[in-house]
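*Asks:* Would you mind keeping the following structure in view while I ask a few things?
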Amino acid sequence: MNTIKYLTPLYTFLLICIIPISKLSAQDWNYQIGLNSASFRFQSPAGIAQNSFQPDAGLQLSILRNDRLVDSAKTKSAFVRKLNYQVGIAINQFNSFGETQNIPFTYSSTYVGIKLGLGIKSRLGKGVSLSYSGIMQINQLVLGSQKMGNKVYNLQGNKQFDRIQWQLGGEIKLAKQMNDHTALFAYFSEAWQLNTIQKDGSQFAINPVSFGFGIQYSPLR
């Protein structure tokens, strides 16, 4: 096993945690931790769906930089001035379990990728805000296994899992400003995989629902 390969996402995550200490610009940094409940969807080339997959919990971590899409001084549009973008790194575990022909199975997979978002923040008063964002995630498998009965299979090299994964969805955040620099928030998101069709005509998708908590840090406010 190439241990360095599997530790690289952790090193990257820790490195990005340190970035806001550097005086870069007046932007927000969001640190999120939560859980994924991933639905696995498989359909054979003949159109027969496999319904034995059951969602299982997996860890979700992300670090995102947030800023205004356009400088408010450069546009007259009130709507455009409200738009914010986010970009960062996300680590997701997508897991599932089930039974087929009386044989139990489990899938465990870890993906690392880029998370992008575009949305609007509504201020509700007393330091409370609600954000709505459309999100896209571009993921790549870094570690995965399938256990079928007493046998374990490596998912690396498996064409259903080990390829660039595109997911599109939405996210809601409810935040409470604690002081000039930090806010606490809870989030909920749902995403759907876009590239589901395989070369043999079958379809496979991982569609996660994620929820958890986070801290927003604004170093230059």
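The values are calculated or read from the model by the stated rules, or taken from the named source; none is laboratory data. Keep in mind that what you see is a predicted model, and the values were worked out from it rather than measured. Heads up, the Cβs are rebuilt from the backbone with ideal geometry, glycines too, and the neighbour counts pull from every protein chain shown. Ligands, DNA and RNA are excluded from the accessible area calculation, which covers all protein heavy atoms including side chains. Shrake-Rupley method; radii C 1.70, N 1.55, O 1.52, S 1.80 Å.
*Asks:* With respect to GLN160, is the statement that it is surrounded by 13 or more Cβ atoms within 10 Å (Cβ to Cβ), more than 17 Å from the chain's Cα centre (by Cα) and among the polar types (S, T, N, Q) true?
*Replies:* Yes: the conditions hold for GLN160.
*Asks:* Tally up the residues in the stretch 53-74 that are among the aliphatic types (A, V, I, L, M) and touching a Gly at 6+ places or on another chain (Cβ under 6 Å), please.
*Replies:* Qualifying residue count for the region: 2.
*Asks:* Among the residues of the stretch 96-106, how many are more than 17 Å from GLU190 (Cβ to Cβ) and open to solvent by less than 30 Å² (accessible area, probe 1.4 Å)?
*Replies:* 2
*Asks:* Select from the stretch 121-132 the residues that are of a type outside the set (Val, Ile, Thr), open to solvent by 30 Å² or more (accessible area, probe 1.4 Å) and part of a strand (DSSP E or B) and write down the one among them that is nearest to ASN66 (Cα to Cα).
*Replies:* Selected residue: LYS121.
*Asks:* Which residue pairs have Cβ atoms closer than 7 Å, lie 6 or more positions apart in sequence or on different chains, and pair a first residue in the stretch 31-58 that is within 17 Å of SER108 (Cα to Cα) and free of Cβ contacts under 8 Å to residues at least 60 places away in the same chain with a second residue that is acidic (Asp, Glu) and not in a loop (DSSP other than H, G, I, E, B)?
*Replies:* Pairs that qualify, where the first residue is within 17 Å of SER108 (Cα to Cα) and free of Cβ contacts under 8 Å to residues at least 60 places away in the same chain and the partner is acidic (Asp, Glu) and not in a loop (DSSP other than H, G, I, E, B), are SER52/GLU99.
*Asks:* Does ILE91 meet the test of being part of a strand (DSSP E or B) and either more than 14 Å from the chain's Cα centre (by Cα) or within 19 Å of LEU155 (Cα to Cα) (or both)?
*Replies:* yes
*Asks:* Starting from the stretch 202-221, take each residue that is under 30 Å from SER108 (Cα atoms) and open to solvent by 40 Å² or more (accessible area, probe 1.4 Å) and list its partners that are hydroxyl-bearing (Ser, Thr, Tyr) and not in a strand (DSSP E or B), counting only C-beta distances under 8 angstrom and pairs at least six apart or across chains.
*Replies:* Within 8 Å, the pairs are GLN203/THR196.
*Asks:* In the stretch 169-194, how many residues are surrounded by 13 or more Cβ atoms within 10 Å (Cβ to Cβ) and of a type in the set (Asp, Glu)?
*Replies:* Residues meeting the conditions: 2.
*Asks:* Identify, by number, the condition in (1) more than 23 Å from THR182 (Cβ to Cβ); (2) at pLDDT below 90; (3) of a type in the set (D, E, K, R) that ASP56 doesn't meet.
*Replies:* Every condition holds for ASP56 apart from (2).
*Asks:* Another question, then. Name the single residue, out of those in the stretch 107-120 being of a type outside the set (S, T, N, Q) and in contact with a Ser or Thr (Cβ under 9 Å, 6 or more places away or on another chain), that is most open to solvent (accessible area, probe 1.4 Å).
*Replies:* Per the stated criteria, the residue is LEU118.
*Asks:* Sort through LEU155, LEU143 and tell me the only one that's at pLDDT 90 or above, crowded, with 16+ Cβ neighbours inside 10 Å, over 30 Å from ASN66 (Cα atoms) and of a type in the set (A, V, I, L, M).
*Replies:* Answer to the selection: LEU155.
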